[in-house]
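K.L.:
Would you mind keeping the following structure in view while I ask a few things?
The values are calculated or read from the model by the stated rules, or taken from the named source; none is laboratory data. These numbers come from a predicted model, not from an experiment. Heads up, the Cβs are rebuilt from the backbone with ideal geometry, glycines too, and the neighbour counts pull from every protein chain shown. The accessibility values were calculated without ligands, DNA or RNA, using every heavy atom of the protein model including side chains. Shrake-Rupley method; radii C 1.70, N 1.55, O 1.52, S 1.80 Å.
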Amino acid sequence: HPTLLQPYSERAKTATHPLSRYLFRLMDLKASNLCLSADVTTARELLVLADRVGPSIVVLKTHYDLISGWDYNPQTGTGVKLAALARKHGFLIFEDRKFVDIGKTVQMQYTAGTARIIEWAHITNANIDAGKDMVRAMAEAAANWKARIHYEVKTSVSVGTPVAGQFEDGEEQNDNAGDDRDSDGRKGSIVSITTVTQSFEPADSPRLAKTNEHGDELVYPGIEEPPMDRGLLLLAQMSSKGCLMTKDYTQACVEAAREHKDFVMGYVAQEALNSAPDDNFIHMTPGCKLPPPGQEENGHVEGDGLGQQYNTPAKLITLLGTDIVIVGRGIIQAADPPSEAERYRRKSWKAYLTRVG
Ligand code: 6AU
């Protein structure tokens, strides 16, 4: 397929999804096709790791539900802090939530609840076992979210003085000025109408300050900030032994991706899945590990004994044609994660250069 031989800078021009176009350019700029799977156990470790490894990666993948001490505050919480690190180092945040349910439920899980994933994660993923309408449901949720951002929400609150004995505590009055009855027709007197203005600015908004009070840059140089879009990766193939995903399932993912090009950026898969002439989806691939330094980079790497199977970046990128390798324990468990991340970045980028010639 042509995308196997095209440089990322070229694919940036033809990708349909704005975030994919951005990501391909970012990869070219940072010479990185590495995603860190930041599977540490506490929010503090996550933020420290993101800050240290940020320079080597283009995507940081989270599993918010395995992190203890995740702060859900929508203004100051862990998602917001991660978003600030993403701006500073130039990477996208991918919450590996693997949504799978009926459309209505995933809409609510994606946008609301405790984690409010859509607010801080540029990218998330879905298993489409429940049927591809769920992709449309998530696309709709993302479009609604995008339509709401940057708007100031004005709420009118009428403050009334209840006539003794006639109003229950906290009951809202009819807010028509001059009307001194509430919606049930009970009498009271309106003292004032206050307008509360709430500005809804997402954690990765380019409208946020670009420098702090000391004049330090808060944004990654050399590229503009990512577009205010959200993207989905379809979980098309898995790295684990005995995975039950069939060829038909993978093909259904390909069809769903083509039907929702404005929302689906690509796949979590083990090989390249672009096959139609104008396919330009991005492939992110977990189950990636390098043999220890000094050993042959095409050498065999053992699994983890719990079903995870590993391939080297050379095999995944050069041979199987994927675009971004997702590495967790290979980096996290190293003595020095930042230098190990650099080793993975160099090897993975070399594998890409070898592929495109
Ligand atoms: O490098 P590891 O083995 O420490 O971590 C791999 C990470 C984990 C898995 O939840 C995830 O990648 N993963 C996925 C994803 C990204 O969806 C799919 C898959 O097939 N295999 C896999 O390991 O966070």
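K.L.:
If you roll a 1.4 Å probe over the stretch 1-115 with all protein chains in place, what percent of the accessible area is carbon or sulfur?
P.N.:
55 percent
K.L.:
Whenever you get a sec, line up H1, H89 from highest to lowest accessible area (probe 1.4 Å, protein heavy atoms).
P.N.:
Sorted by accessible area, descending: H1, H89.
K.L.:
To continue, here is another question. Along the charge dipole of the stretch 64-135, Cβ charges K/R +1 and D/E -1, which of I67, A83, A126 sits furthest on the positive end?
P.N.:
A83
K.L.:
Name the chymotrypsin sites (Phe, Trp or Tyr not before Pro) in the stretch 17-84 that are in a loop by DSSP and that have at most 15 other C-beta atoms within 10 Å, would you?
P.N.:
In loop regions of the stretch 17-84 (DSSP not H, G, I, E or B), the sparsely surrounded chymotrypsin sites (Phe, Trp or Tyr not before Pro) are Y72.
K.L.:
Please give the FRET efficiency for Q295 paired with Y249, using the beta carbon to beta carbon distance and R0 = 30 Å, rounded to the nearest 0.05.
P.N.:
0.25
K.L.:
Taking only C-alpha pairs under 8 Å that are 6+ residues apart, what is the relative contact order of the stretch 89-133 in percent?
P.N.:
RCO, the stretch 89-133: 52 percent.
K.L.:
Could I have the simple spin-label model distance between A112 and Q333, label points 7 Å from Cα toward Cβ, reported in nm to one decimal?
P.N.:
Computed distance between label sites A112 and Q333 equals 4.1 nm.
K.L.:
While we're looking at this one, here's another question. Dipole size in debye (nearest 20) for the stretch 1-111 around its Cα centre, Lys and Arg Cβ +1, Asp and Glu Cβ -1?
P.N.:
About 360 debye.
K.L.:
Would you mind working out the accessible area per residue for the stretch 256-324, using a 1.4 Å probe, and quoting it in Å²?
P.N.:
42 Å²
K.L.:
Over the stretch 68-147, what is the relative contact order in percent, taking alpha-carbon pairs closer than 8 angstrom and at least six residues apart?
P.N.:
30 percent
K.L.:
Got a number for carbon plus sulfur as a percent of the stretch 230-357's accessible area, 1.4 Å probe?
P.N.:
51 percent
K.L.:
Moving on to the next point. R230: accessible area at probe 1.4 Å, nearest 10 Å²?
P.N.:
Counting only protein heavy atoms, the figure is 10 Å².
K.L.:
Turning to a different aspect of this structure: Among I282, G307, G294, whose Cα lies farthest out toward the positive end of the dipole of the stretch 270-357, if unit charges sit on the beta carbon of Lys, Arg (+1) and Asp, Glu (-1)?
P.N.:
G294
K.L.:
By how many nm would the segment from D51 to H63 grow when fully extended, if each residue of separation counts as 0.36 nm and the alpha-carbon distance is taken off?
P.N.:
Stretched fully, the D51-H63 segment lengthens by 2.6 nm.
K.L.:
Just to confirm, what accessible area per residue do you get for the stretch 1-146 at 1.4 Å probe, in whole Å²?
P.N.:
Heavy-atom SASA per residue in the stretch 1-146 reads 39 Å².
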